[in-house]
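Worksheet: one structure, shown below.
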Amino acid sequence: MEIADTDGIARLIEADTWRMEILRAVASLGLPDWAIGAGFVRAAVWDALTDKPEATPLPDIDVIYFDPDNTGPERDLRLLSALTEALPDVPWDLKNQARMHKRNADTPTAIRKTPWLIGWRRRPVLLHG
């Protein structure tokens, strides 16, 4: 499979049953402004470019979202539980970025959409800032 641009990356992800299950599980949560971290895409691209026979294992699947109206950590725990129930073998990590600045004593910021974060619309698409 040729991976020359973002469309090629989207086709690569769409052809990957495991990654599509992950995207569907996260999309089913109905989160506002969400994304999955870079390793999700990077590993798939690297494996394809180097013709790896088996997928590179990921240490976790980083799910981030931004909801300033509901910043309680309890919500993250409920959402994480729902993801774990849906796909128990996936090493999930989930955080509302609207809360992280408090935890990290930092300035609040929304999710910065870059080509290295993948989100969901009608199909997986790379988000651009």
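Throughout, read-outs are computed from the coordinates displayed, never taken from laboratory work. Predicted model only: the values in this text are computed from it and were never measured. When we count neighbours, we look across all protein chains shown, and the Cβ atoms used for this are built from the backbone with ideal geometry, even at glycine.
Across the stretch 1-67, Cα pairs under 8 Å and at least six residues apart give a relative contact order of 35 percent. Paramagnetic label reach from residue 3 (point 7 Å along Cα→Cβ; backbone nitrogen cut-off under 14 Å): within the stretch 35-54, residues 38-54.
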